[in-house]
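Working notes, structure below.
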Amino acid sequence: MNINAAVLRAPVSPLTIEPLELDVPEAGEVLVEVKAAGVCHSDLHPALGDWPVPTPIVLGHEGAGVVRAVGPGVTSVAPGDVVVFCWAPPCGACPPCQSGRPVLCDRLDRTAYRHRLPSGSARLRSGTDRVAAFLGTACFADFAVVAEAGAIRVPAGVPFDVLATLGCAVVTGVGAVMNAAQVEPGSTVVVIGAGGVGLNVVQGAALSHSGRIVAIDRQDAPLRLARAFGATDVALAPPSIVDAVRELTGGRGADYVFDTVGSPSTVADAVAAARKGGTIVVTGLARIDGVASLSTFPFVMQEKRLIGSVYGSGRPSHDIPKLAELYRAGKLKLRELVTRTYPLREINEALAALARADGARGVISW
């Protein structure tokens, strides 16, 4: 079928809106009409050349839509179902999957992280040339073919721009709090970076009944949103993140520090800002060649814990529908996350706004 998609032809170049051919879904695959797609830093990094990707490639990995067709053997979704994309569809059989950690599925190294479907290919073509599908999702397009486990059914009736944020920012941020860190009630939580993921760390901490939630960012707009999402304190571009945290905590440091930026400097600051016995959770992904350093002596002597958390460290097939229900029950803010909407033809403006940190989530809407 003919579709329109935003194509990255070369790193550090604008995306172009092009007509492409999308093949029909094969066994274990699903055709989805995309209704909304969030614009995430994980889309910005390959566009800027921070992460190597094959080109040409269709970006986009955080989205929602309606199933229009299914390939042979698909049983979990049917045409007409509303779904949220999961960019890490697990195999269900490898040791990580069997141990309850599907986001660490061994198959992802050969499929999603190589921008392929589990079959080993993508369904996108430009003439006779194959076009890669970013993380096997490629939802900066009006239709996408994804793996069956990459289309998670959710209740109908939730706005699509709201659902799109569930596919990455929300499950990553809330899951980092509830699954990776398992934040205890009454704790002091610090969040470095108040973008889409950071705001969801904030509201995950609020849902966990944290006693104090401190959001830190370089821009005013994200911090205003952070207060609405549950932050009790904010710090705007402090000269020293560590000093600011210690001042707010009586010199002790935070029980939990979440770094949603992931740069070498913020990782080091996060470790130093945690109290003795504190937990540091890094969700941010900066340049692929970034290397952080830390002082090992105090890290060991103060028994701190440093955790990496990807995609919420849980089970997206379970967590995403649960988060949708929390939104329907009025316990989770999602509508407030969407601060900018764009048609597909304005994808480059959406990426530029993200790079400027204009606040929360921009969403491509059809």
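Here, each number is a calculation from the coordinates, and none is a lab measurement. Worth saying up front: this structure is predicted, and the values here are computed from it rather than measured. Every residue, glycine among them, receives a Cβ derived from its backbone with ideal geometry; neighbour counts consider all protein chains shown.
What list of ³J(HN,Hα) values in whole Hz, one per residue of the range 69-79 in order, does the Karplus curve 6.51 cos²θ - 1.76 cosθ + 1.60 (θ = phi - 60°) give from phi, with Gly and Pro shown as x?
Here the 3J(HN,Hα) series is 7, 10, x, x, x, 7, 10, 7, 9, 9, x Hz.
For the chain, what is one quarter of the convex hull surface built on the Cα atoms, given in nm²? If you can, show how the numbers build up before the last one.
Values: hull surface 67.6 nm².
Taking the Cα atoms of the chain, their convex hull projects to 16.9 nm² on average.
What are the semi-axes of the equivalent ellipsoid of the range 190-342, taken as the square roots of 5 times the eigenvalues of the Cα gyration tensor, listed largest first and rounded to whole Å? Show your work: numbers first, answer last.
Numbers: eigenvalues 132, 60, 49 Å².
In descending order the semi-axes read 26, 17, 16 Å.
What residues have an amide H closer than 5 Å to that of Ala5, excluding those fewer than 5 places away on the same chain, when H is modeled at 1.01 Å from N in the peptide plane?
The list, which skips near neighbours in sequence, is Glu18, Leu20.
Under 24 Å between alpha carbons, and skipping anything fewer than 8 positions from Lys322 in its own chain: which lysines qualify?
Lys35, Lys331, Lys333
Can you pull the Kirkwood radius for the range 27-89, inverse mean 1/r over Cα pairs, to one decimal in Å?
Numbers: mean 1/r = 0.0759 Å⁻¹.
One decimal place: 13.2 Å for the Kirkwood radius.
If I model a spin label as a point 7 Å beyond the Cα along the Cα-Cβ vector, how far apart are those points for Gln182 and Glu303 in nm?
Label-label distance for Gln182 and Glu303, simple model: 1.6 nm.
For the range 113-257, state the semi-axes of the equivalent ellipsoid (square roots of 5 times the eigenvalues of the alpha-carbon gyration tensor), sorted largest first and rounded to whole angstrom.
Numbers: eigenvalues 281, 55, 40 Å².
In descending order, the three semi-axes are 38, 17, 14 Å.
Exactly which GluC sites (Glu not before Pro) in the range 1-80 are in a DSSP loop and have at most 14 other Cβ atoms within 10 Å? Don't skip to the answer; put the middle values down first.
On the way: sites: Glu21, Glu26, Glu29, Glu33, Glu62; in loops: Glu26.
Answer by residue number: Glu26.
Taking just the alpha carbons, could you work out the radius of gyration and Dmax for the range 30-153, both in angstroms?
13.9, 43
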